[in-house]
Amino acid sequence: MNHAQLKAFHAVAKAGGFSAAAKKLGLTQPAVTLQVQALEQSYNTKLFTRRGRKTEITPSGMMLLNLSKRIFSLEEEAHTLLSSLDTLEVGQLKIASTSSLHSLPLVSAFHEKYPAIRLSFMTINPQKIEEEMLDFRADIAIHQTPPTDKNLFSLKIHEAPLKLAVSTKHPWSTRKSAPLRETRDLTIIFPFDKETMGGEPGHWSHNIPYKEDQALRFESREISREAVANNLGVSYFTEQETLWDRRIHRVDIEDKKLKEATYLICHSEVRHSRLITSFIDVTSSL
């Protein structure tokens with residue numbers, strides 16, 4: 001049995017005759033008749049009987065009709081689902097990020113344009129970003145460094161200047177600017193570990209002077225910002241990340257332009273899916 005034979009049978013049963021079924025299917029009557037006859041011969045059964053010009057379905061045909069109704073109903077559901085996906089009226093997008101402050105404005109912009117898409121969002125350790133993507137536990141990630149695995153696609157969508165963030169209790173809280181070399185003796189706070197820092201040769205962390213025994217490392221940007229606010233050390237943040245926090249003072253670096261990039265990351269296999277490309281289109285235009 002093939003799909004064409006079952007479709008011909010279903011059309012005859014629903015239309016009540018071969019001529020009406022042929023018209024509905026856009027085929028000739030002989031073509032529909034041949035499909036039904038082939039189905040009957042394959043299973044040595046009779047699905048229809050003819051009484052003059054009238055076509056009647058047999059008990060065997062009625063049992064098959066009950067099944068074909070379910071099959072073609074599911075086929076219609078599948079068509080509706082796929083059509084809705086194309087217009088982004090249904091679906092789910094799982095988003096992972098290492099910083100809620102960087103990513104939530106992007107998520108909000110996507111949600112505003114496609115409110116019917118269900119979104120899930122989680123903040124995770126930078127070390128786990130690639131693992132989440134490779135195992136398909138997240139559909140898209142928002143991160144500050146590009147991936148190292150060749151199976152992952154990334155796109156830099158934003159870049160913002162960094163400033164030295166210090167607590168209002170820090171001795172530097174009255175300074176407006178400073179040369180980068182003077183920061184060497186300060187306790188520096190990194191919102192990632194050494195492995196994450198090495199992900200991109202041009203990352204800002206490679207350009208700053210510091211003493212290893214005076215460096216502190218935390219697993220997220222939010223924790224690192226709190227550490228700065230509590231005067232455990234200094235760090236580098238975009239103005240957006242600290243402007244609202246009155247506990248933090250920002251110092252301009254005079255002789256070096258440090259910048260923080262934002263990357264969208266996804267598995268290469270789903271790079272051209274409608275959801276992913278739509279998310280990229282929306283967020284890269286912000």
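The values are calculated or read from the model by the stated rules, or taken from the named source; none is laboratory data. Remember, it's a predicted structure, so these values are computed and weren't measured experimentally. As a convention, Cβ positions derive from the backbone with ideal geometry for all residues, glycine included, and neighbour counts pool all protein chains shown.
Tabulated values for the structure
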item	result
Sole residue being at negative phi, in contact with a strand residue (DSSP E or B) (Cβ under 7 Å, 6 or more places away or on another chain), aliphatic (A, V, I, L, M) and not in a helix (DSSP H, G or I), chosen from LEU106, LEU119	LEU119
Failed item, numbered, when ARG184 is tested on (1) within 25 Å of SER284 (Cβ to Cβ); (2) touching a Pro at 6+ places or on another chain (Cβ under 6 Å)	(1)
Pick from segment 70-105, criterion among the charged types (D, E, K, R) and surrounded by 11 or more Cβ atoms within 10 Å (Cβ to Cβ), ranking: modelled with the highest pLDDT	LYS94
Close pairs from segment 69-87: first of a type in the set (Lys, Arg), partner at pLDDT 85 or above, Cβ under 8 Å, at least 6 apart	LYS69/HIS10
Matching option when the condition is assigned to a helix (DSSP H, G or I), touching a Lys or Arg at 6+ places or on another chain (Cβ under 9 Å) and over 26 Å from LEU264 (Cβ atoms), among VAL251, VAL166, VAL228	VAL228
Residue check, ALA78 in a helix (DSSP H, G or I), within 44 Å of the chain's Cα centre (by Cα), of a type in the set (A, V, I, L, M) and closer than 30 Å to ARG274 by Cα	yes
Members of segment 11-37 that are buried (at least 20 other Cβ atoms within 10 Å of the Cβ) and under 42 Å from the mean Cα position of the chain (by Cα)	ALA11
Residue count for segment 114-141, restricted to those that are surrounded by fewer than 13 Cβ atoms within 10 Å (Cβ to Cβ) and charged (D, E, K, R)	2
Lone unmet requirement of (1) surrounded by fewer than 20 Cβ atoms within 10 Å (Cβ to Cβ); (2) not in a helix (DSSP H, G or I) for GLU195	(2)
Subset of segment 11-36 (residues that are among the basic types (Lys, Arg) and either more than 17 Å from PHE72 (Cα to Cα) or part of a loop (DSSP other than H, G, I, E, B) (or both))	LYS23
Failed item in (1) under 35 Å from the mean Cα position of the chain (by Cα); (2) part of a helix (DSSP H, G or I), with GLY202 passing the rest	(2)
Residue within segment 182-205 that is modelled with pLDDT of 95 or more, more than 25 Å from SER97 (Cα to Cα) and touching a helix residue (DSSP H, G or I) at 6+ places or on another chain (Cβ under 7 Å) present	yes
Segment 37-71: number of residues that are part of a helix (DSSP H, G or I) and in contact with a strand residue (DSSP E or B) (Cβ under 7 Å, 6 or more places away or on another chain)	2
Hits in segment 149-186 - residues which are crowded, with 17+ Cβ neighbours inside 10 Å, among the β-branched types (Val, Ile, Thr) and within 38 Å of the chain's Cα centre (by Cα)	VAL166
From the options VAL234, VAL270, VAL251, residue that is of a type in the set (A, V, I, L, M) and surrounded by fewer than 19 Cβ atoms within 10 Å (Cβ to Cβ)	VAL270
